[in-house]
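Asks: Encoded as structure tokens, here's the structure I'll be asking about.
The values are calculated or read from the model by the stated rules, or taken from the named source; none is laboratory data. Predicted model only: the values in this text are computed from it and were never measured. Neighbour counts are summed over all protein chains in view; Cβ atoms, including those assigned to glycine, are modelled from backbone coordinates with ideal geometry.
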Amino acid sequence: MVDAWDSRLICELQLEPHITGYLVFDSVINGRAVGGLRMLKDVSADELKLLAQAMTLKYGFLGIAMGGAKAGIAFDAEGNPARKREVLRQFAIMLSPLLRSRSYIPGPDMGTNAHDIEWLLRFAGSKAHGRTVSRAYSGFFTALTVVIGAACATQHLGIDLSGATVAIEGFGSVGSAAAQLFAQRGARIVAVSNRDGAIYAPQGLNVKRLVELYQAVGTNTLNLYDQADKISSSQLLELKVDVLSPCARHYTISEQNVNKVQAKIICAGANVPFTTNAERYLFEQGQLCLPDFVTNCGGVLSGAMASMGLSEKFTVRFIESKIGARILSVIRAAEQQGVSPRAIAERIALERFLLIKQQAEQQTVQNTLLRIGGALNSRALLPLTLVKLYAARHFNKVCGDNSPSSWLSS
């Protein structure tokens, strides 16, 4: 059981001579942490440390009592689908004590899906399936907070999102969902990219066609779309657009290219897409760069809500009203104080996380009952109606007040 927060725990596991697995705990509450498992050939411990920290910030920002973690396997899952399950089996066996005790609660990430996580838990001998969340870390809900964040930013700057130009780096599960949601709001998607490069059409891309291709051929989408110009992924980041949405890997915007970024608003679906210095530069240049853990928090919020029986319709309404208002309040507070949005959001998230951790780990009758209830709910042993009633009240309480100065008391 992991029980320390001020020192990160990094597990490095040698699965095969050339395949390494990692598990990073950035924080825990009551000995538990949640975070996705990604399978990419070049994933590293350093990357996962950044991503685990982002999970902590998301939970603090949302007011959810859970620690942040991240796992990864340095393996090309897409290029070796036949071996994927065997590699997952090896990883699960090595992590089985943490998976069975739910000290680490995994979710889908790059290179994995909900079925992979189900297999991982089965291989580990975990019986904690219960109300397993098929939509946890859903690309749609992550994309929804991205688009809501962009809508708040355009509103603040006096830009009409309907007709605004948008470039999306990373046309995967999050990027493709973001493209659809932006298009539904009347925005013009002028460029998208994936690992094969990027395409650009100043008049706007046919999002419906792009999504159909993505669902049919995956990463080969851009090679088959013939109604746009081919550009490089680096050129996409430099386009003069209203909104740039990085939805790919970490640190794609760095000291090397940030001076070429021309977007008025940067609203990320990816975790840690910009280095600290790059984000500072954008702020100093007057470009509105929203914190990634704020704009992509929809996936983890959706997972938490679904595990407590709340519907997708409820989650969408909640994000559009409560989280949208919270993002807008961060933007306004940052302007009033003359600091970056991250300075506001990160301080609130970290302080709130520590407060929530302290409260949740107190040995009280209420906390004991909540822990018992949580364990029963994870095994689907509580009436769903009762769980949903408590959950709706709980989420409305922790995210209901949108004044930054009051969040620490919620």
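Asks: If a residue has to be surrounded by fewer than 19 Cβ atoms within 10 Å (Cβ to Cβ) and in a helix (DSSP H, G or I) to count, how many in region 54-86 make the cut?
Replies: 5
Asks: Using the structure shown, decide if residue 90 is outside any helix (DSSP H, G or I), of a type in the set (S, T, N, Q) and farther than 19 Å from residue 297 by Cβ.
Replies: no
Asks: Now, a different point. I'd like to check something: does region 47-59 contain any residue that is at pLDDT below 95, within 30 Å of residue 361 (Cα to Cα) and of a type in the set (Val, Ile, Thr)?
Replies: So far as region 47-59 goes, no, none of its residues is at pLDDT below 95, within 30 Å of residue 361 (Cα to Cα) and of a type in the set (Val, Ile, Thr).
Asks: While we're here: State whether one or more residues within region 159-175 are within 22 Å of the chain's Cα centre (by Cα), assigned by TED's automatic domain parsing to the domain that holds residue 248 and over 14 Å from residue 246 (Cβ atoms).
Replies: Yes, because at least one residue in region 159-175 is within 22 Å of the chain's Cα centre (by Cα), assigned by TED's automatic domain parsing to the domain that holds residue 248 and over 14 Å from residue 246 (Cβ atoms).
Asks: Name the residues in region 99-115 that are assigned to a helix (DSSP H, G or I) and crowded, with 19+ Cβ neighbours inside 10 Å, would you?
Replies: 99
Asks: Scan region 291-305 and tell me whether some residue there is surrounded by fewer than 21 Cβ atoms within 10 Å (Cβ to Cβ) and within 17 Å of residue 330 (Cα to Cα).
Replies: no
Asks: With respect to residue 219, determine if the residue is modelled with pLDDT under 95, under 22 Å from the mean Cα position of the chain (by Cα) and not assigned by TED's automatic domain parsing to the domain that holds residue 52.
Replies: For residue 219, the condition - modelled with pLDDT under 95, under 22 Å from the mean Cα position of the chain (by Cα) and not assigned by TED's automatic domain parsing to the domain that holds residue 52 - is met.
Asks: Any residue that is closer than 23 Å to residue 109 by Cβ, surrounded by fewer than 23 Cβ atoms within 10 Å (Cβ to Cβ), within 24 Å of the chain's Cα centre (by Cα) and among the aliphatic types (A, V, I, L, M) - is there at least one of those in region 188-199?
Replies: no
Asks: In addition: Please list, ordered by first then second residue, the pairs with beta carbon atoms under 8 Å, 6 or more apart or interchain, first in region 198-209 and assigned by TED's automatic domain parsing to the domain that holds residue 181 and part of a loop (DSSP other than H, G, I, E, B), second of a type in the set (Asp, Glu) and surrounded by fewer than 18 Cβ atoms within 10 Å (Cβ to Cβ).
Replies: 201/229
Asks: When region 151-191 is examined, which residues are found to be assigned to a strand (DSSP E or B), within 22 Å of residue 218 (Cα to Cα) and touching an Asp or Glu at 6+ places or on another chain (Cβ under 8 Å)?
Replies: Matches in region 151-191: 166 only.
Asks: Now for a separate question. Taking region 279-299 on its own, how many of its residues are over 18 Å from residue 245 (Cβ atoms) and under 14 Å from the mean Cα position of the chain (by Cα)?
Replies: Total meeting the criteria: 0.
Residues checked against (1) surrounded by fewer than 17 Cβ atoms within 10 Å (Cβ to Cβ); (2) closer than 30 Å to residue 279 by Cα; (3) modelled with pLDDT of 95 or more; (4) not aromatic (Phe, Trp, Tyr):
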residue	(1), (2), (3), (4)
340	no, yes, yes, yes
367	yes, no, no, yes
374	no, no, no, yes
377	no, no, no, yes
391	no, no, no, yes
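Asks: Within region 258-270, is even one residue in the same structural domain as residue 154 (by TED's automatic domain parsing), more than 23 Å from residue 349 (Cβ to Cβ) and in contact (Cβ under 8 Å) with a residue 40 or more places away in the chain?
Replies: Checked region 258-270: at least one residue is in the same structural domain as residue 154 (by TED's automatic domain parsing), more than 23 Å from residue 349 (Cβ to Cβ) and in contact (Cβ under 8 Å) with a residue 40 or more places away in the chain.
Asks: Could you tell me whether any residue of region 37-49 is in contact (Cβ under 8 Å) with a residue 40 or more places away in the chain, in contact with a Pro (Cβ under 7 Å, 6 or more places away or on another chain) and within 19 Å of residue 247 (Cβ to Cβ)?
Replies: The answer is yes, given that some residue of region 37-49 is in contact (Cβ under 8 Å) with a residue 40 or more places away in the chain, in contact with a Pro (Cβ under 7 Å, 6 or more places away or on another chain) and within 19 Å of residue 247 (Cβ to Cβ).
Asks: Show the residue pairs that are 6+ apart or on different chains and have beta-carbon atoms under 6 Å apart, the first residue being within region 333-344 and closer than 15 Å to residue 292 by Cβ, the second being assigned to a helix (DSSP H, G or I) and at pLDDT below 95.
Replies: Going by the 6 Å Cβ cut-off, there are no qualifying pairs.
Asks: Out of the residues in region 210-238 that are of a type in the set (Ser, Thr, Tyr) and assigned to a helix (DSSP H, G or I), state the one that is farthest from residue 259 (Cα to Cα).
Replies: In this case the residue turns out to be 214.
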